[in-house]
Structure formats: C-alpha cells, structure tokens
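Take a look at the structure below.
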Amino acid sequence: MTPMLLIGILVCLGWALGFAIGVQSKRSKFPLAKGESGETLMTLQGRLLHARNMGMRLQELASGEERLQKEQKHLSRLHRLRNEVQWLLATVESQLTQRHLHNPDRLEDMLDATGKSLRLLLDAGRCPEEPWNKAFKSLHHIHKTLCLVRGIPSQKESAINTQYALFVVNNITLTQQLIELHRTELIDDVFPFSSQPFGVTAFLKNGSQREIKWSQTETES
C-alpha cells in the first residue's frame, strides 16, 4: 500500500471518528436510554479513544514511510552522482600522471577549477533543492571545469531567464546529468541547460533533448 493511499484511508477514518465522537457528545447531553448503563457509555467512549489513537499512529507510520521513500530517492541520486564524479577524478588523475603531454597552465587551471567544483558538489549534496538562479551559477562553473578536463574551450556564461529564476530544481540531478553528458561527449562547449515552463531542458549536440521537471513551482518569498 502506497503512503498516499494509506493517508487517504486515514483521512476517511478521521472523518468517521469525528462523526462518531460528535454523535457521542450529543448523546452524553441527554439522559441514558432505557437499558443503557453508564458503564456501557464509558466502554464506547474508551473504544472511540482507542480508535482515535490507532488512527494517529497509522498516520505517523504513513508519514514515516513517505520520508523514507524521499530519503531513498535522494540516496539513489547521490549514488549516480558519485559514479560520475569518480569518472571526473579518474580523468584528472590520468592527465596529471601524464602531465608531460599537457600544457602546464591548463593543468593548473583544471586543478583549481576542479577543487571549486568539488566544493559546489558538496554544497549540492547538503542542500539539493535550490532556486534555478543559484543552481545555474554552480552548473556553469562545473561545465567550464569539465570543458577544461576534456581540453575544449568553453563559452562565456549565458544569461539566465529571470522568469524562472526562483523555480526550484534538484541540483544533484542536474549536476549528475551534466557530468554524464560530458563523459559520453553528447555536449561540447555550449552550456546545455535552458529553463522552460515545465522545467529544465538539456540540448544535446545530436539534436535530441533531455527534460528535468521543476521540483517546485517557485520558492516562497
């Protein structure tokens, strides 16, 4: 049973309990019916209280399961990002091992850029949901780093569409996608991401596209 279905059932249970408790409250204002004892009334009230407590516990379990699913999705994203970062670090290490084949100034720039990119990756891991205008800047730096690693020129930072500046994205997903696109050489020097009404689109050099939906419509002001 999914958390949303379980929560729906709990809502219905809450309505039923509220109705039953309301009826019971009205009954308590009137004299007991013939053959009905005070002990019977207390027993019914006890059962209603027990049902209410069980409903609250079930709701807590449903909320806990929903949180667990979110944490599992976050962990899965982190694992995919880790795999791409391992490729990045292995590529940098390979070039440093064969540094006599590469331009020393480029290697130095690459190391500086890689260090900053890794710090940005740590920030994304700690706070994955970010407004597009903030994620945009960190993704641009990581893109420039990957261009340096691949030995290709990178274009200047493009202008952000301010219409979607406060829309929220999952920075881990976008960063993982960006590194993967560089690793598979599906993009070159052009920054691939562009904001759209439904989310962020990655434009690949073969003419195809990848779409990543917004996490939220926009951040609260």
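The values are calculated or read from the model by the stated rules, or taken from the named source; none is laboratory data. Given the structure is predicted, the values throughout are model-derived calculations rather than measurements. Note that we place each Cβ from the backbone using ideal geometry, even for glycine, and neighbour counts take in every protein chain shown.
General remarks:
- Matching residues in segment 140-164 - criterion: being within 17 Å of G115 (Cβ to Cβ) and among the basic types (K, R): K144
Matching residues to (1) more than 25 Å from M110 (Cα to Cα); (2) free of Cβ contacts under 8 Å to residues at least 40 places away in the same chain; (3) among the basic types (K, R):
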site: T162; (1), (2), (3): yes, yes, no
site: N170; (1), (2), (3): yes, no, no
site: L174; (1), (2), (3): no, yes, no
site: L181; (1), (2), (3): no, yes, no
site: E185; (1), (2), (3): no, yes, no
site: V190; (1), (2), (3): no, yes, no
site: F198; (1), (2), (3): yes, yes, no
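- Of all residues in segment 151-175 being part of a helix (DSSP H, G or I) and buried (at least 16 other Cβ atoms within 10 Å of the Cβ), the one that is modelled with the lowest pLDDT: Y164
- Residue match in segment 139-148 (condition: of a type in the set (A, V, I, L, M) and under 17 Å from Q86 (Cβ atoms)): yes
- Every residue from segment 106-119 that is of a type in the set (A, V, I, L, M, F, W, C) and surrounded by 18 or more Cβ atoms within 10 Å (Cβ to Cβ): M110, A113
- Criterion applied to L49, L32, L61 was being at pLDDT below 90, outside any helix (DSSP H, G or I), surrounded by 11 or more Cβ atoms within 10 Å (Cβ to Cβ) and not aromatic (F, W, Y), and the one residue passing it is L32.
- Number of the condition not met by R82 [criteria: (1) farther than 18 Å from P153 by Cβ; (2) free of Cβ contacts under 8 Å to residues at least 12 places away in the same chain; (3) in the same structural domain as H141 (by TED's automatic domain parsing)]: (3)
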